[in-house]
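A short write-up of the structure that comes next.
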Amino acid sequence: MFISITHDFSVDDRQVIGIFDLDNSTRSADTRRFLRESEKKGSVRSRTRDIPKSFLLCDGFVCLVQTASSPMKKRFD
(Lines give C-alpha, C1' and ligand atoms only; values in the text may rest on other atoms or scores of the structure.)
Protein backbone atom coordinates (compact mmCIF):
# COMPACT_ATOMS: atom_id res chain seq x y z
CA MET A 1 0.00 0.00 0.00
CA PHE A 2 1.25 3.50 -0.80
CA ILE A 3 1.33 6.07 2.00
CA SER A 4 1.21 9.80 1.31
CA ILE A 5 4.24 11.45 2.86
CA THR A 6 3.63 14.94 1.47
CA HIS A 7 1.08 16.33 -0.98
CA ASP A 8 3.33 15.33 -3.89
CA PHE A 9 5.23 12.30 -2.59
CA SER A 10 4.11 8.79 -1.63
CA VAL A 11 6.07 5.73 -0.64
CA ASP A 12 5.30 2.02 -0.63
CA ASP A 13 4.84 1.07 3.03
CA ARG A 14 7.01 -2.02 2.48
CA GLN A 15 9.99 0.28 1.76
CA VAL A 16 9.83 2.08 5.12
CA ILE A 17 12.22 0.67 7.70
CA GLY A 18 11.69 3.30 10.38
CA ILE A 19 10.41 6.78 11.25
CA PHE A 20 12.61 8.93 13.47
CA ASP A 21 12.34 12.27 15.25
CA LEU A 22 15.28 14.44 14.16
CA ASP A 23 15.66 16.27 17.48
CA ASN A 24 15.98 13.07 19.49
CA SER A 25 17.77 10.82 17.03
CA THR A 26 20.47 13.28 16.00
CA ARG A 27 21.77 13.42 19.56
CA SER A 28 23.62 10.26 18.62
CA ALA A 29 26.90 10.74 16.77
CA ASP A 30 26.17 7.53 14.83
CA THR A 31 22.89 8.92 13.48
CA ARG A 32 24.51 12.22 12.52
CA ARG A 33 27.28 10.31 10.73
CA PHE A 34 24.72 8.10 8.94
CA LEU A 35 22.73 11.13 7.73
CA ARG A 36 25.89 12.94 6.64
CA GLU A 37 27.12 9.89 4.67
CA SER A 38 23.68 9.37 3.13
CA GLU A 39 23.68 12.98 1.98
CA LYS A 40 27.15 12.57 0.43
CA LYS A 41 25.90 9.49 -1.46
CA GLY A 42 22.92 11.44 -2.76
CA SER A 43 20.36 9.21 -1.09
CA VAL A 44 18.65 11.92 1.00
CA ARG A 45 15.37 13.27 -0.35
CA SER A 46 14.15 16.42 1.33
CA ARG A 47 10.38 16.81 1.08
CA THR A 48 10.19 20.13 2.95
CA ARG A 49 11.32 23.70 2.43
CA ASP A 50 11.34 24.31 6.19
CA ILE A 51 13.45 22.71 8.87
CA PRO A 52 12.58 18.99 8.87
CA LYS A 53 11.10 17.48 12.03
CA SER A 54 11.55 13.81 11.20
CA PHE A 55 13.03 11.40 8.71
CA LEU A 56 11.97 8.13 7.20
CA LEU A 57 14.58 5.48 6.69
CA CYS A 58 13.51 3.66 3.55
CA ASP A 59 15.00 0.88 1.48
CA GLY A 60 17.59 2.78 -0.55
CA PHE A 61 17.00 6.35 0.63
CA VAL A 62 16.32 8.71 3.53
CA CYS A 63 13.35 11.08 3.34
CA LEU A 64 13.35 14.32 5.39
CA VAL A 65 9.86 15.63 6.18
CA GLN A 66 8.22 18.53 8.01
CA THR A 67 5.67 16.29 9.76
CA ALA A 68 6.57 15.17 13.28
CA SER A 69 7.30 11.48 13.75
CA SER A 70 4.20 10.56 15.81
CA PRO A 71 1.62 11.80 13.23
CA MET A 72 3.73 10.24 10.49
CA LYS A 73 3.66 6.87 12.29
CA LYS A 74 -0.15 7.04 12.51
CA ARG A 75 -0.34 7.03 8.71
CA PHE A 76 1.10 3.53 8.75
CA ASP A 77 -1.41 2.11 11.25
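The values are calculated or read from the model by the stated rules, or taken from the named source; none is laboratory data. These figures come from a predicted structure and were not determined experimentally. Please note: Cβ atoms are built from the backbone with ideal geometry, for glycine as well, and neighbour counts cover all protein chains shown. The protein model used for the area step is the full one, side chains on, heavy atoms only, and it has no ligands, DNA or RNA in it. Shrake-Rupley method; radii C 1.70, N 1.55, O 1.52, S 1.80 Å.
Computed values, structure above
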read-out	value
Positions within region 43-58 being closer than 20 Å to ASP8 by Cβ and either open to solvent by less than 70 Å² (accessible area, probe 1.4 Å) or of a type in the set (A, V, I, L, M, F, W, C) (or both), in sequence order	SER43, VAL44, SER46, THR48, ILE51, PRO52, SER54, PHE55, LEU56, CYS58
Qualifying residues in region 59-69 (those that are small (Gly, Ala, Ser) and out of contact with any Phe, Trp or Tyr (no Cβ under 9 Å at 6 or more places or on another chain)) - the one most open to solvent (accessible area, probe 1.4 Å)	GLY60
Identity of the residue in region 15-54, in contact with a helix residue (DSSP H, G or I) (Cβ under 7 Å, 6 or more places away or on another chain) and part of a loop (DSSP other than H, G, I, E, B), that ends up nearest to LYS74 (Cα to Cα)	LYS53
Looking only at region 2-42, and only at residues there that are of a type in the set (A, V, I, L, M, F, W, C) and in contact with a Phe, Trp or Tyr (Cβ under 9 Å, 6 or more places away or on another chain), the one that is surrounded by the fewest Cβ atoms within 10 Å (Cβ to Cβ)	ILE3
Residue satisfying all of: in region 1-14; assigned to a strand (DSSP E or B) and without any contact (Cβ under 8 Å) to a residue 12 or more places away in the chain; farthest from the chain's Cα centre (by Cα) among these	PHE2
Set SER38, SER46, SER4: member being at pLDDT 95 or above and not aliphatic (A, V, I, L, M)	SER38
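Each row is one residue, and each column tells you yes or no for (1) of a type in the set (Ser, Thr, Tyr); (2) touching a strand residue (DSSP E or B) at 6+ places or on another chain (Cβ under 6 Å).
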site: SER28; (1), (2): yes, no
site: THR31; (1), (2): yes, no
site: ARG36; (1), (2): no, no
site: ARG45; (1), (2): no, yes
site: ASP50; (1), (2): no, no
site: GLY60; (1), (2): no, no
site: LEU64; (1), (2): no, yes
site: THR67; (1), (2): yes, no
